[in-house]
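Enquirer: Below are the structure tokens for one structure; questions will follow.
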Amino acid sequence: MDYLLTDTGRNDLGALLKVRSLYAFDFDGTLAKIVRDHHAARLARPIRFWLEKLAKRAPTAIISGRSVEDLRSRVGTVVPHLIGNHGSEGPHAHPENMRQVRETSSGWLKLVNERYQDELTRHGVVVENKSYSLSFHYRTAGQRDEARALISRIVAELSPPPRIVLGKSVVNVMPPTASHKGTALLEYMRRLDCALALYVGDDETDEDVFALRDHRILTVRIGKKNESSARYFLKRQTEIAEVLRLLVEVGDQNIHTWSGCHEQGAPRPAQHPNE
Ligand SMILES: [Mg+2]
């Protein structure tokens, strides 16, 4: 795994600009800083600024564990393609599959609420119903080990057995038939007719994309981690603004870059956010 902001990394980013590419990002910990209160996550001003510029020039997507509705409340119309529930929610998903996934998830929620509501509250675990999956958040739990043990016990009772993806202070459980971030990204590349893609993420769920090891996808992890399958890393979340700025500015230097890429009108020279 190499640092992205080097000559080699910049060259690889530049290669994306030579063809029609999809620029896809995770949300929490990637586009938005991880915050203690899950509801307070938002895009910092420079990130929103450069993301909006990029999205005006090329196909851009967010693939997140949050629901599409939740994402929309945070990014508005800045990014046109929002994919929720770790890849299983969005216009790409098959309606019948989505119905099944929803049904499984609501069955689990019913069991959790009926049997474990009091115990979960006592341990400071918050269950988030994302319609197509459930997330057990324990960031604010007093005894984190106990909270994790309780979550494991509950998850073991869910039927059919879920696909479990561990995040930062969160245990996500997804119906086994739900599509993941990797399958969602490939589907969007196909739908949007993109030859290459960039994907940036920070968490276990993003390994579903990194582990594809598809040569058409430039994979970047926020934070270096030797066990990750990502090709590159960024040292900190705020560096994503630099990546977005690079893509927009380098792309704008070449008149041919965005040809065939536009979704929302012609590019204009980028103004700096502080201007
Ligand atoms: Mg994340």
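The values are calculated or read from the model by the stated rules, or taken from the named source; none is laboratory data. Quick caveat: nothing in here was measured; it's all calculated off a predicted structure. Don't worry about glycine lacking a Cβ; one is built from the backbone with ideal geometry, like all the others, and counts go over all protein chains shown.
Enquirer: Look through region 45-73, keep the residues that are within 16 Å of the ligand (Cβ to nearest atom) and of a type in the set (Gly, Ala, Ser), and return whichever of them is nearest to Glu242 (Cα to Cα).
Expert: Ala61
Enquirer: If you go through region 15-27 one residue at a time, do you hit one that is surrounded by 23 or more Cβ atoms within 10 Å (Cβ to Cβ), in contact with a helix residue (DSSP H, G or I) (Cβ under 9 Å, 6 or more places away or on another chain), charged (D, E, K, R) and assigned by TED's automatic domain parsing to the domain that holds Ala195?
Expert: Checking region 15-27: at least one residue is surrounded by 23 or more Cβ atoms within 10 Å (Cβ to Cβ), in contact with a helix residue (DSSP H, G or I) (Cβ under 9 Å, 6 or more places away or on another chain), charged (D, E, K, R) and assigned by TED's automatic domain parsing to the domain that holds Ala195.
Enquirer: I'd like the residue in region 202-216 that is in a loop (DSSP other than H, G, I, E, B) and more than 11 Å from the chain's Cα centre (by Cα) and, out of all such residues, is nearest to the ligand (Cβ to nearest atom).
Expert: Filtering region 202-216 for residues that are in a loop (DSSP other than H, G, I, E, B) and more than 11 Å from the chain's Cα centre (by Cα), the one nearest to the ligand (Cβ to nearest atom) comes out as Ala211.
Enquirer: Okay, moving on. Quick one: how many residues across region 217-254 are surrounded by fewer than 17 Cβ atoms within 10 Å (Cβ to Cβ), of a type in the set (D, E, K, R), in contact (Cβ under 8 Å) with a residue 40 or more places away in the chain and not in a helix (DSSP H, G or I)?
Expert: 3
Enquirer: May I ask you to list the residues in region 52-73 that are over 13 Å from Gly84 (Cα atoms) and without any contact (Cβ under 8 Å) to a residue 60 or more places away in the chain?
Expert: Scanning region 52-73 gives Glu52, Thr60.
Enquirer: Among what's in region 2-44 and is of a type in the set (S, T, N, Q) and in a loop (DSSP other than H, G, I, E, B), pick the residue that is nearest to the ligand (Cβ to nearest atom).
Expert: Within region 2-44, the match that is nearest to the ligand (Cβ to nearest atom) is Thr30.
Enquirer: Residues that are modelled with pLDDT of 95 or more, on the phi > 0 side of the Ramachandran plot and part of a loop (DSSP other than H, G, I, E, B): does region 83-96 have at least one?
Expert: No, there is no match, as no residue in region 83-96 is modelled with pLDDT of 95 or more, on the phi > 0 side of the Ramachandran plot and part of a loop (DSSP other than H, G, I, E, B).
Enquirer: Please verify whether Ala197 is within 24 Å of Ile47 (Cα to Cα) and either within 16 Å of the ligand (Cβ to nearest atom) or at pLDDT below 95 (or both), treating the condition exactly as stated.
Expert: The answer is no for Ala197.
Enquirer: Could you tell me which residue of region 153-174 is surrounded by the fewest Cβ atoms within 10 Å (Cβ to Cβ), considering only residues that are assigned to a loop (DSSP other than H, G, I, E, B) and over 18 Å from the mean Cα position of the chain (by Cα)?
Expert: Step by step, filter region 153-174, then rank; the result is Ser159.
Enquirer: Can we say Leu150 is touching a residue at least 12 places away in the same chain (Cβ under 8 Å), over 25 Å from Leu71 (Cα atoms) and surrounded by fewer than 18 Cβ atoms within 10 Å (Cβ to Cβ)?
Expert: Taking the combined requirement at face value, the residue does not satisfy it.
Enquirer: Just one of (1) within 16 Å of the ligand (Cβ to nearest atom); (2) among the basic types (Lys, Arg); (3) surrounded by fewer than 20 Cβ atoms within 10 Å (Cβ to Cβ); (4) not in a loop (DSSP other than H, G, I, E, B) trips up Arg139, so point out which.
Expert: Failing condition for Arg139: (4).
Enquirer: Which pairs turn up if I take residues in region 123-143 that are more than 19 Å from Ser105 (Cβ to Cβ) and at pLDDT below 90 and look for partners that are assigned to a loop (DSSP other than H, G, I, E, B) and of a type in the set (Asp, Glu) with beta carbon separation below 9 Å, at least 6 apart in sequence or on another chain?
Expert: Cβ pairs passing all conditions: Thr140/Asp37.
Enquirer: Next question. Sort through Thr183, Thr121 and tell me the only one that's surrounded by fewer than 21 Cβ atoms within 10 Å (Cβ to Cβ), among the hydroxyl-bearing types (Ser, Thr, Tyr) and assigned by TED's automatic domain parsing to the domain that holds Val209.
Expert: After ruling out the rest, the residue left standing is Thr183.
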